[in-house]
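The values are calculated or read from the model by the stated rules, or taken from the named source; none is laboratory data. Treat the numbers as computed from the prediction; the structure is a model and nothing was measured. When we count neighbours, we look across all protein chains shown, and the Cβ atoms used for this are built from the backbone with ideal geometry, even at glycine. When the accessible area is computed, the model is the full protein with side chains, heavy atoms only, and any ligands, DNA or RNA have been set aside. Shrake-Rupley method; radii C 1.70, N 1.55, O 1.52, S 1.80 Å.
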Amino acid sequence: MKQIFYLFAIVICIFFYSSVNAQNTQIRGFSAASVTYLDKKISFGFSEQDILITSDLTDRLSFLGETVFRYDDHSTGTKFGVEVERVIMKYNIKGNHNLLFGKHHTPINYWNDTYHHGKLFYPTIDRPLLFISNIIPLHTTGIALQGHDLGKLKFGYDLMVGNGLGSTEIEDNDNNKSLTIAAHIKPADNLRIGASYYYDIISKGASVHSHQDDQERHEDRVVDWRVVQNLFSGSVAYFGPKFEILAEGTLAVNRTDTTCYKKTLGYYLYAGYKVTDKITPYFRIDDVHFQNGEIFYIKDNKSSFITGINYQINYLANLKLEYQYLHSEITGDRNKISAQIAIGF
Amino acid sequence: MGNKKTIIYKEPERSIVIKFSMVACLLVMSIIVKCQVETLTIICNSNGAPATMKFTELRSVMKGERQRWNSGAKVVIALMKTSTTVGKNTAQVIYNMSGDALLKYWLGQTYQGNAHAPKFFNTKSELEEYVAENPGAIGVIDPPPANNEVKIVSVDGKTQFIL
């Protein structure tokens, strides 16, 4: 019986191995561990483990799946939750034009679409405040038309229609669809300039995801008003052989019947200089400002200054040491020193 | 005593000759090796890449910025591993990156879902075989190909990059 079981297991393994090879399936992972000195206390921690699977199903159809295992206060047992971050079926229509279907990183900003959970790629330890203040919808479940590297300016575009905020991964909560229109150009090597517009109507009574901090601890809250949301974003990214510059900003205009239009502006500027191939000192300035009377977002004006050094161990690992001064309307002033090792495998 | 003196006198002379010969051999070998790595040749499958390209086009293709050739064949990139001399030269000349930076670039492209990473090979013959067998494949090797089933792509009018 035992021998039959082993034989069966071997056959399954061979079948799985061969089918994986036939489809050109790749599995990659990302993780990070850190030590932080904050409020006169040293803490060790690891934030999440990210598993990425890509597969070519046919000559034109491919798959990308990203699943994150992370600490979650609300889950029971080990206190770790599993979240499907991306499931994308991509069909190449013609040339560099693709149709994408599934759950995506909303292509609003450079950081959100380029790095997201891949901390190995982050130029700093944590995300900018813009992405942890619930200003932009980080994910969208829907359908998208995407093109890239078109013409001399290497023009790229994303047109996405999704369920919008308040929906679940399997069902829309209302008849309103979110719309994302994004475009970028790459006029020179290592330079990308982008702009985007996002529109959504969030129904009264909708339950929306709130990110509590950079560890992406989630909390759902109910929206008590119908909100018409318009987001205007712009980004400039240059990652050259020596200099690195990344600047992004989003202007959010939320309209409710009671408060009319309320504006929120969030931006950050990152700059780094490669002293050697492996060592990059850097700094980042962040600011998020909510207009008085804003009721859709949790109003907490914040600003931050970060300086640090990034040591590239190899392409699969880097070590960052960083100091952050953070001013928050709610929590006050904080000084944080962090070290992080981020890996890919 | 006389014999002993002769032996003592001849021994160092021989060793000097041997050492000199070894140094000369090493020098010749290093020159030969250097001559061998100083060229890069772009090869492709008969279905896919055009016979001539501009360098800017080539770099764009090799960075995964083009999904399909005019024939409709999917672009598939084949490179030597960055631990090999050809792989390092490819990273430097075609991508203007270090080997490590090239690998990180492709890891990033894979993570973003923009493109599939190239196939990396240990030997030239494996790479040539892969390019010959896969429509749309394009690769970089060191000396001109031994496999008759692959085409050479002329870049800016040249069939080889002289480093």
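Just a few scattered comments:
- Test: residue in segment B:126-133 that is acidic (Asp, Glu), more than 9 Å from chain A (Cβ to nearest Cβ) and crowded, with 20+ Cβ neighbours inside 10 Å: yes
- Test: residue in segment A:249-259 that is loosely packed, with under 15 Cβ neighbours inside 10 Å, more than 14 Å from chain B (Cβ to nearest Cβ), of a type outside the set (Val, Ile, Thr) and more than 30 Å from residue A:201 (Cβ to Cβ): no
- Among the residues of segment B:73-96, those that are open to solvent by 30 Å² or more (accessible area, probe 1.4 Å) and within 12 Å of chain A (Cβ to nearest Cβ) comprise B:74, B:76, B:83, B:92, B:96.
- Those residues of segment A:271-281 which are assigned to a strand (DSSP E or B) and either within 14 Å of chain B (Cβ to nearest Cβ) or crowded, with 20+ Cβ neighbours inside 10 Å (or both), in sequence order: A:272, A:279, A:280
- Selection status of residue A:295, open to solvent by 40 Å² or more (accessible area, probe 1.4 Å) and within 25 Å of residue A:222 (Cβ to Cβ): yes
- A Cβ distance below 7 Å, combined with a sequence gap of six or more or placement on separate chains, defines the contacts here; from segment A:289-314, residues that are free of Cβ contacts under 8 Å to residues at least 60 places away in the same chain and within 30 Å of residue A:278 (Cβ to Cβ) reach residues that are of a type in the set (Val, Ile, Thr) and open to solvent by 50 Å² or more (accessible area, probe 1.4 Å) in the pairs A:305/A:285; A:309/A:279; A:311/A:279.
- Within segment A:58-72, considering residues that are charged (D, E, K, R) and within 19 Å of residue A:32 (Cα to Cα), the one nearest to the chain's Cα centre (by Cα): A:66
- Scope segment A:61-92; condition more than 16 Å from residue A:169 (Cβ to Cβ), within 14 Å of chain B (Cβ to nearest Cβ) and open to solvent by 70 Å² or more (accessible area, probe 1.4 Å); matching residues: A:91
- Selection of segment A:160-182 for residues being of a type in the set (A, V, I, L, M, F, W, C) and out of contact with any Asp or Glu (no Cβ under 8 Å at 6 or more places or on another chain) yields A:160, A:161, A:170.
- Criterion applied to A:152, A:177 was being of a type in the set (D, E, K, R), within 14 Å of chain B (Cβ to nearest Cβ) and over 16 Å from the mean Cα position of the chain (by Cα), and the one residue passing it is A:152.
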